[in-house]
1. If you go through region 46-62 one residue at a time, how many are surrounded by 12 or more Cβ atoms within 10 Å (Cβ to Cβ) and either of a type in the set (Val, Ile, Thr) or at pLDDT below 90 (or both)?
2. Would you check which residues across region 73-90 are surrounded by 12 or more Cβ atoms within 10 Å (Cβ to Cβ) and within 17 Å of the chain's Cα centre (by Cα) and list them?
3. Being closer than 13 Å to Trp3 by Cα, surrounded by 15 or more Cβ atoms within 10 Å (Cβ to Cβ), small (Gly, Ala, Ser) and at pLDDT 85 or above is the requirement here; does Gly29 meet it?
4. Return yes or no: is Tyr69 without any contact (Cβ under 8 Å) to a residue 12 or more places away in the chain and not assigned by TED's automatic domain parsing to the domain that holds Gly8?
5. Would you please name the residue that is surrounded by the most Cβ atoms within 10 Å (Cβ to Cβ), looking only at residues in region 1-19 that are at pLDDT 85 or above and part of a loop (DSSP other than H, G, I, E, B)?
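The values are calculated or read from the model by the stated rules, or taken from the named source; none is laboratory data. Not measured: the values here are computed from a predicted model. Cβ: placed from backbone, ideal geometry, glycine included. Neighbour counts: every protein chain shown.
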Amino acid sequence: MRWLLERGLFAPELLALGRAPLADGRVDGAQLLDRFERELDGCLLSDMLTEQGDRFARDYYERRWLADYVDAVGGNDPSPYAVAWNESNWQRLAELLDRRYAEFQKPKRRWWPFGGG
């Protein structure tokens with residue numbers, strides 16, 4: 001959720017509900033994420049995101065999320081959910097998500113060689 005928030009993929013109307021601007025006008029992400037955790041049980045719903053954010057989140061979560069998460073921060077832990085969450089792990093994961101999002105935004109080529117529509 002932090003990555004989506006920091007990349008501007010949350011729906012603007014949702015941000016307005018929990019707006020806690022910092023001095024530079026940005027939303028206080030930690031406070032907003034804490035509110036989502038408390039009030040929504042940490043559930044991410046499609047209407048919480050922009051259209052582009054929703055398409056990326058659905059596509060990425062279904063196809064690559066767990067494998068990428070383990071590759072980025074899993075290390076030698078017996079379970080990917082036992083990973084110590086710290087800023088270093090966050091930065092590795094955020095860099096990977098940035099690459100995946102850039103790939104997602106590239107135009108997709110059709111797999112069929114013939115014309116039509």
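1. Residues flagged as surrounded by 12 or more Cβ atoms within 10 Å (Cβ to Cβ) and either of a type in the set (Val, Ile, Thr) or at pLDDT below 90 (or both) within region 46-62 amount to 4.
2. Of everything in region 73-90, those that are surrounded by 12 or more Cβ atoms within 10 Å (Cβ to Cβ) and within 17 Å of the chain's Cα centre (by Cα) turn out to be Val73, Asn89, Trp90.
3. Answer is no for this residue.
4. No, not satisfied.
5. Leu9
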